[in-house]
Amino acid sequence: MRAWYFQEDHPELLQDFPNPPECFPDKFKALATEFQPPFTWIFIGPQGAFSPLHRDIWYTCAWMAQFQGRKRFLFVPPKDLKLVYRKLEDKEEYLDLRAPDLERFPSYRHANFIEAVLEPGDLLYIPSRWPHFVECLTDSVSLTSNFANVVNFKHVLIPYTRWLEKRQAAIQLMKGIMKMQLRSSGEDGEQQGLL
Ligand SMILES: O=C(O)CCC(=O)C(=O)O
Ligand SMILES: [Fe+2]
């Protein structure tokens, strides 16, 4: 199970995890909860489950805490991005590490791959903009959180603002629909404090 947003199903689990690790202060956490993007997730996977090479959302960085099992990360430094990533007109592609395509990525062997194996109790830092491939070496449970810090904040701000605007537009739309429904049923939402 990838990126399970457990707060919705089991908010009580948050009591076991009130704050991000002190070594990774998160600028989003300074905001009111409703303005924080939902970026704290649990990953549960059997041995062999994997996440293909990718960069993290909004160029955030992340930490990952390994609870159970072992997990292998392969990182590619940003200076080698062009060896493992192609941006075409209408799509983006990363090297498929499980079946490398030499036609698409002829020089991928020149990329530096940095390996990290997580054991239970380990905490890993995933730097902003570093492509990474992840695979479960055994059945595995991990908690991860993507965050903004002083370094990446200027990049994160643009997609974050877009996300806020979209969410605001969706809320306005829902309010409009509810208003229409209440009106057509002869009720007054404003008087009832609903809208
Ligand atoms: O554990 C995984 O499969 C992917 C984790 C990951 O890519 C991340 O936390 O950024
Ligand atoms: Fe990731």
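The values are calculated or read from the model by the stated rules, or taken from the named source; none is laboratory data. Just so it is clear, the model here is predicted, and its values are computed rather than measured. Backbone-built Cβ (ideal geometry, glycine too); neighbour counts: all protein chains shown.
General remarks:
- Just one of the numbered conditions (1) in contact with a Leu (Cβ under 6 Å, 6 or more places away or on another chain); (2) modelled with pLDDT of 90 or more is not true of residue 6: (2).
- Filtered by the rule that a residue be among the aromatic types (Phe, Trp, Tyr) and within 13 Å of the chain's Cα centre (by Cα), region 29-42 gives 39, 41.
- Just so you know, in region 30-40 the residues that are in contact (Cβ under 8 Å) with a residue 24 or more places away in the chain and either out of contact with any strand residue (DSSP E or B) (no Cβ under 8 Å at 6 or more places or on another chain) or not in a strand (DSSP E or B) (or both) include one that is nearest to ligand 2 (Cβ to nearest atom), and it is 39.
- Count of region 41-58 residues, restricted to those that are in contact with a helix residue (DSSP H, G or I) (Cβ under 7 Å, 6 or more places away or on another chain) and either farther than 20 Å from residue 148 by Cβ or away from ligand 2 (no atom under 13 Å from the Cβ) (or both), is 2.
- Set side by side, the residues 113, 105, 28 differ, and just one is aromatic (Phe, Trp, Tyr), surrounded by 13 or more Cβ atoms within 10 Å (Cβ to Cβ) and closer than 27 Å to residue 139 by Cβ, which is 113.
- Considering residues of region 82-102 that are buried (at least 16 other Cβ atoms within 10 Å of the Cβ) and of a type in the set (A, V, I, L, M, F, W, C) only, the residue farthest from residue 20 (Cα to Cα): 83
- The single condition among (1) β-branched (Val, Ile, Thr); (2) modelled with pLDDT of 95 or more; (3) under 24 Å from residue 77 (Cβ atoms) that residue 151 does not satisfy is (2).
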